[in-house]
Amino acid sequence: MSLFNVFDIASSAMAAQSQRLNVVASNLSNADSATSSNGQPYRARQVVFATADVSAQGASGVKVAGVTEDQSPMKKIYEPKHPLADKEGYVTMPNVNVVEEMVNMISASRSYQNSVDMMNTAKTLLLKTLTLGQ
Amino acid sequence: MISKLDETLNFHHQALNLRTQRQQILAGNIANADVPQFKARDIDFSKALKAAQSQGAGSTALNVTSPRHLLPAAGGSAGADLLYRLPHQDSVDGNTVDMDVERAQFADNAIHVEANLTFLNSQLKAMLAAIQG
């Protein structure tokens, strides 16, 4: 019964989107972290989605192929009194784009909702199938 | 009589099989809405159903009198042709999933599955009524 595969597909999408949401949360909360565990300013992270085969019938789920660090240039702010300021008085701040992250968050949340809806539909259909002949 | 029973239920059986397969494909499209370069897939339902019907109508095996006779390809009866959806608008990341279209098709297909189940149920009820009198 291929309807059960809808559950696999939807749950793979939900797992991927929640990891994306996780990364967004990490980026937003570290938007002002001038230093991190490795001594360098925090770099924004992005998830990379890829298609993952779930069944032989052509349908496919999603997986997170990896989490990459954003290589765009870091922000520099002029703050001579900051303990991490360099000789010219500039502090290197994370390259997190807050607006981008908010958009990412809304997109991930909508995709998650779509997956939940899909799962509910599949569940309704399967329950209806169970009542066949009664 | 048994073969007649099978014939009665066969149409809805085939249709339901294809409908659930399509449901799965559409679920895959919605799940991959954020994957770059993903191409949305779908099947032509009426064509696939016709193909399944013509395959299921004949007897299950061919009579072969020579080893050089050709046999039909084994298996793959449920496999409908997977097509690519034509996007209304291009996207920057090469993804062709249009969420509105996919959601509409998903809901449409779900209603068709429900209708199929309802028809199947009423057929079973009619047969049960005939048995029990």
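Note on the protein assembly as shown: dipole from Cβ charges, positive end direction compared against B:9, B:64, A:82; the farthest Cα belongs to B:64.
The modelled label-to-label distance between residue B:46 and residue B:10, using points 7 Å beyond Cα along the C-beta direction, is 2.2 nm.
Per-residue ellipticity at 222 nm, computed for chain B from helices alone with -39500 (n - 2.57) per DSSP H run of at least four residues, works out to -20500 deg cm²/dmol.
Coupling constants for region B:122-133 follow from the phi torsions by the Karplus curve (6.51 cos²θ - 1.76 cosθ + 1.60, θ = phi - 60°), and in residue order they are 5, 5, 5, 5, 4, 5, 4, 4, 5, 6, 7, x Hz; glycine and proline get x. Note on chain A: with charges restricted to the Cβ of Lys and Arg (+1) and Asp and Glu (-1), its dipole about the Cα centre is near 200 debye.
Given a Förster distance of 41 Å, report the FRET efficiency between residue A:124 and residue A:99 from their Cβ-Cβ distance, rounded to the nearest 0.05.
FRET efficiency, residue A:124 to residue A:99: 0.60.
Centre-to-centre separation between the Cα atoms of region A:80-105 and those of region B:1-42: 51 Å. The modelled label-to-label distance between residue B:114 and residue A:38, using points 7 Å beyond Cα along the C-beta direction, is 5.2 nm. In order along region A:125-134, the Karplus-derived 3J(HN,Hα) couplings, from 6.51 cos²θ - 1.76 cosθ + 1.60 at θ = phi - 60°, round to 5, 5, 5, 5, 4, 5, 8, 4, x, 9 Hz, and Gly and Pro are given as x. For region A:15-85, the Cβ-based charge dipole about the Cα centre amounts to some 140 debye (Lys, Arg positive; Asp, Glu negative; other atoms uncharged).
Counting pairs of alpha carbon atoms under 8 Å apart in space and at least six apart in sequence, what relative contact order in percent does chain B give? The value is 39 percent.
Each listed q (0.08, 0.10, 0.12 Å⁻¹) maps to a log10 I(q)/I(0) for the protein assembly as shown, found by the Debye formula over equal Cα scatterers with no solvent: -0.49, -0.67, -0.84.
Distance between the pseudo-spin-label points of residue A:72 and residue B:93 (7 Å out from Cα toward the beta carbon): 1.5 nm.
Once the Cβ-Cβ distance of residue B:131 and residue A:28 is raised to the sixth power relative to R0 = 45 Å, the FRET efficiency obtained is 0.10. Stokes-Einstein diffusion for chain A at 37 °C, viscosity 0.692 mPa s, with a Kirkwood radius from C-alpha pairs, works out to 186 µm²/s.
In this structure the amide hydrogen of residue A:52, modeled in the peptide plane, comes within under 5 Å of the amide hydrogens of A:61, A:62, A:63, none closer than 5 places in sequence on its chain. What residues of region A:3-45 lie in the reach of a label at residue B:124, counting those whose backbone N is under 19 Å from a point 7 Å from the Cα along Cα→Cβ? Counting only backbone N, you get A:3-4. Legend: P(r) of chain B from all alpha carbon pair distances, 5 Å bins from 0, whole percents, reading 2, 9, 15, 16, 14, 12, 11, 8, 6, 4, 2, 1, 0.
Farthest towards the positive end of the charge dipole of the protein assembly as shown, among the residues A:106, A:95, B:132, is the Cα of B:132, using unit charges on the Cβ of Lys, Arg, Asp and Glu.
Available extension along the chain between residue A:48 and residue A:134 is 26.3 nm, counting 0.36 nm per residue and deducting the alpha carbon span. Protection proxy ranking for B:88-98, A:101-111, using the average of other Cβ atoms within 10 Å per residue and placing the highest first: A:101-111, B:88-98.
None of the figures in this text is laboratory data; all of them are computed from the coordinates on show. Since the model is a prediction, treat every value here as computed from it, not as a measurement. Cβ sites come from the backbone with ideal geometry, for glycine too, and all protein chains shown count toward neighbours.
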